[in-house]
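Data first, discussion second: the structure below is written as structure tokens.
The values are calculated or read from the model by the stated rules, or taken from the named source; none is laboratory data. For clarity, every value in this text was computed on a predicted model and none was experimentally measured. All Cβ positions, glycine included, derive from the backbone under ideal geometry; neighbour counts span all protein chains shown.
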Amino acid sequence: MHVARLTSIITVAVVASLAIACGSSNSNTPTTPTPTVTFSTQIQQQIFTPACAPCHTDDGRTPPAGLNLRAAATSYANLVGVASTGKAGATRVIAGNPSGSYLVQKLEGAADIVGLRMPRNGPPFLTDAQVALIRQWIQIGAPNN
């Protein structure tokens, strides 16, 4: 009888230990880091400057739609949370919402955009990877980094 009781106590102790271990912190579980997209380096320098700024610049003229994409600080201020001048009710970049952002719609050539798909000097348009990078930047909150 003592052996049966001891076995029950050990079984309960093992089950309790397992339950505690399963509910404890997952510090040993590998996590996938959230990729960081940098606005100033990846978006501005690698995409906007070469593909967009030739038209969207204030260098000697007024940029189309008032959208100056020549420098990171100006680009950011002209995009994030700013209403589109071309389509009523649209916002250029909605942080956290790439599909709702008019910038993405213009780059992808959505059916309901006003005017032409951007960049106007396309095709070739931006690559799928470039558009995906812009989408990712917007999805993570469109940080000004």
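Name every residue in the range 63-75 that is outside any loop (DSSP other than H, G, I, E, B), of a type outside the set (Gly, Ala, Ser) and farther than 13 Å from Met118 by Cβ, in order of residue number. Selection gives Thr74 alone.
For Asn97, the stated conditions hold: it is at pLDDT 95 or above and in a loop (DSSP other than H, G, I, E, B). Candidates in the range 107-117 are the residues that are buried (at least 16 other Cβ atoms within 10 Å of the Cβ) and modelled with pLDDT of 95 or more; of these, the one that is nearest to Phe39 (Cα to Cα) is Leu107.
Return yes or no: is Val131 among the β-branched types (Val, Ile, Thr), under 19 Å from the mean Cα position of the chain (by Cα) and closer than 15 Å to Gln44 by Cβ? Here the answer is no, as Val131 does not meet what is asked. Looking only at the range 76-86, count how many residues are in a helix (DSSP H, G or I) and either among the β-branched types (Val, Ile, Thr) or in contact with a Ser or Thr (Cβ under 9 Å, 6 or more places away or on another chain) (or both). Summing the residues that are in a helix (DSSP H, G or I) and either among the β-branched types (Val, Ile, Thr) or in contact with a Ser or Thr (Cβ under 9 Å, 6 or more places away or on another chain) (or both) in the range 76-86 gives 2. Evaluated against (1) small (Gly, Ala, Ser); (2) within 17 Å of Ala53 (Cβ to Cβ); (3) in a helix (DSSP H, G or I), Gly122 falls short on exactly one condition, (3).
Mind listing just one residue for me: the one in the range 46-62 that is in contact (Cβ under 8 Å) with a residue 12 or more places away in the chain and assigned to a helix (DSSP H, G or I) and, of those, surrounded by the most Cβ atoms within 10 Å (Cβ to Cβ)? Among them, the one singled out is Cys52. Please state which of the following conditions Leu133 fails to meet, knowing it meets all the rest: (1) at negative phi; (2) surrounded by fewer than 16 Cβ atoms within 10 Å (Cβ to Cβ). With (1) at negative phi; (2) surrounded by fewer than 16 Cβ atoms within 10 Å (Cβ to Cβ) applied to Leu133, the lone miss is (2). State which residue is farthest from Pro143 (Cα to Cα) when the search covers only the range 36-45 and only residues that are free of Cβ contacts under 8 Å to residues at least 40 places away in the same chain and surrounded by fewer than 16 Cβ atoms within 10 Å (Cβ to Cβ). Among residues in the range 36-45 that are free of Cβ contacts under 8 Å to residues at least 40 places away in the same chain and surrounded by fewer than 16 Cβ atoms within 10 Å (Cβ to Cβ), the one farthest from Pro143 (Cα to Cα) is Gln45.
Among the residues of the range 63-85, just one is in contact with a Lys or Arg (Cβ under 7 Å, 6 or more places away or on another chain) and free of Cβ contacts under 8 Å to residues at least 12 places away in the same chain, namely Val82.
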